[in-house]
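Everything below concerns the one structure shown next.
Values in this text are rule-based calculations from the coordinates and carry no lab data. Note that the structure is a prediction, hence the values are computed from the model and not measured. Ideal geometry is used to build each Cβ from the backbone, glycine not excepted, and the neighbour counts take in all protein chains shown.
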């Protein structure tokens, strides 16, 4: 019996296996940010030990940072303190830190890939559940808690049981107007937010293979939203081409050596998965969520399920979530009011997302009733957007390109959607209060967000495409 | 550094019969700005527990004087979403020692175990019986015994066994800490690094 991609990467990183217990897994790359690391550093200090391999950790502040006037001191004192604490801790322990104002600062999961820190076959962790993003490169990448951040700082290892393996295959051609985001929202709507729990997922099939690296990152990013430990995609020429020449990519002879290894990173033909799921790309419409978890998504031309069609066991959750959203069962999504549009985050804050959004709104005007936040995922994305003139095109259409950070994805900074108002957001979670207390979030792709931004209501983007 | 030990517990329960309780509900993001582990219990379930004027919502379980105890009983898929360990800290800091559900999200479960908070996964049937018993009598007591891996509804004697990784069980019973263990095998980790370079 052959090995899966996951087996190959995981097994080659097991330092030791505790009998009847977890594996001790060596971590190649550790990413940290300001929110989930301070208590881990405090633990290291309390134990009186040093960071074991400081060169394997990279830090950048993202969750708390403002998206305007980043050159000024952060107004929120608690946010300012967390950002300062990250700078102090990384300085103290000799860890690379891309602070505010640094050309490499940004959302940690956007920064890793664009700098070439993320590479196939690596184990990558971060105290953030969307670490699964890095799986797009054929790494084993997943989110950890702060106790585990401390473990990595102390020993470059974590202790976890090996998860089960699942393969999700999406074959065929995507319809016009359907993006990577729609693929993953579609899958989660099919298997629910707990359907992947206990598994590590490999995404495969022609529809996945035909995605760009950035599209693949969007898909892997939301693996956690189905409960999976992580998700990844076998690396191929698209992957290698993306990595080549980036700041921390291997160079010269080292590149050749790494490339030869990376080419072996795929599931063997006779590899066995604990669960296999298959979907047809042509079945996928532009998706939008109507409820308060990412599994509550439907094709944009659809209607919110009727009460009688909902399974008895989930009926209470379903009704609670419609009440929160202020939606009625059985009503269509198209035409619903939109007050806010947010484009950004580790899910859809990369250059291709900004290009897609800009291309869509070019020559149109932002709807008067909509407040829009267009937030690049990193300083590099921001720079490139400006080089390509996207900022000007956005301005002409009534939009403003802001500065990088997690922003309204989780509203730890000032970008909060007010209570009771509706947001179409390119992010990953529509939980109650996620974008600010009482905020109502509908998750969608960048172009579905663009369609909402110019019409002021939920709109099928295909209706506005030529 | 030792963690809190857990051997057994007999307590009344606080019922939260809601599915998919995500970590944004357990502790909203705006309360993650501390740089220490303490005090998160004050904001546990903040937006369900307090209204816009910061007044306690009378019928929310944590504000309802008829419920008390150190066991939180939640609906299916408890702890989904963000990896924030602050969720486990908040529940523990509030005073809970055990969370019972029919299904736990992966990262939450790990975080709980790393903080001396025991996640007990029971069958849907047992969970329903538990909610029903607490509904009828809020003083209903439950015993959780980690040694024998059983949870018992004392009133009826209904009992179920639960799974836990044997290593984690040993850690909880003895208060062992993973980092102490990892530091103790540093030579193995270094040998692994050397082996990979060659």
Selected from B:66, B:109, B:76 as most flexible by GNM, with chain B as the system and alpha-carbon contacts under 10 Å: B:66
Shielding by partners - mean other protein chain Cβ count within 10 Å, residues of A:140-149: 6
Distance cut-off 22 Å, percentage of C-alpha pairs in segment A:287-464 lying past it: 40
Cα-only radius of gyration and Dmax that characterise chain A, units Å: 21.3, 64
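How big is the convex hull of the Cα atoms of chain B, per residue, in Å³?
136
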Separation between Cα centres of segment A:424-466 and segment A:166-205, rounded to whole Å: 19
Kirkwood hydrodynamic radius over Cα pairs of segment A:160-199, then Stokes diffusion coefficient at 20 °C and 1.002 mPa s, in µm²/s: 179
For segment B:81-144: Kirkwood Rh in Å [reciprocal of mean 1/r, alpha carbons]: 12.7
Selected from B:27, B:61, B:91 as most flexible by GNM, with chain B as the system and alpha-carbon contacts under 10 Å: B:61
Segment A:302-395: radius of gyration over Cα atoms, expressed as a fraction of 2.2 N^0.38 Å: 1.47
Computed P(r) (all Cα pairs; segment A:376-466; 10 Å bins; percent): 16, 41, 37, 6
Calculated [θ] (222 nm, deg cm²/dmol) that DSSP helices of n ≥ 4 give over the protein assembly as shown, each run adding -39,500 (n - 2.57): -9000 deg cm²/dmol
Distribution of pairwise C-alpha distances over segment A:51-103, 5 Å bins, in %: 4, 20, 30, 22, 14, 7, 3, 0
Average partner coverage of B:188-196, which counts Cβ from other chains inside 10 Å: 4
Computed over chain A: relative contact order in percent, which uses C-alpha pairs under 8 Å that are six or more apart: 17
Two-decimal log10 I(q)/I(0) for segment A:6-88, as the Debye equation yields it once each C-alpha is a single scatterer, q = 0.13, 0.26 Å⁻¹: -0.60, -1.25
Convex hull volume per residue in cubic angstrom - Cα atoms of segment A:207-296: 150
Cα-based equivalent ellipsoid, segment B:97-198: semi-axes from gyration tensor eigenvalues, Å: 38, 13, 10
On Cα atoms only, tilt of B:186-197 relative to the major axis of chain B in degrees: 60
Fewest-first ranking of A:171, A:254, using other Cβ atoms within 10 Å as the exposure measure: A:254, A:171
Distance from segment A:57-102 to segment B:1-43 (C-alpha centre basis), Å: 27
Per-residue average of Cβ from other chains inside 10 Å of A:51-64: 1
Normalised per residue, the volume of the convex hull around the Cα set of segment A:298-347 (Å³): 122
Rg in Å to one decimal, and Dmax rounded to a whole Å, for segment A:61-195 via C-alpha atoms: 18.1, 52
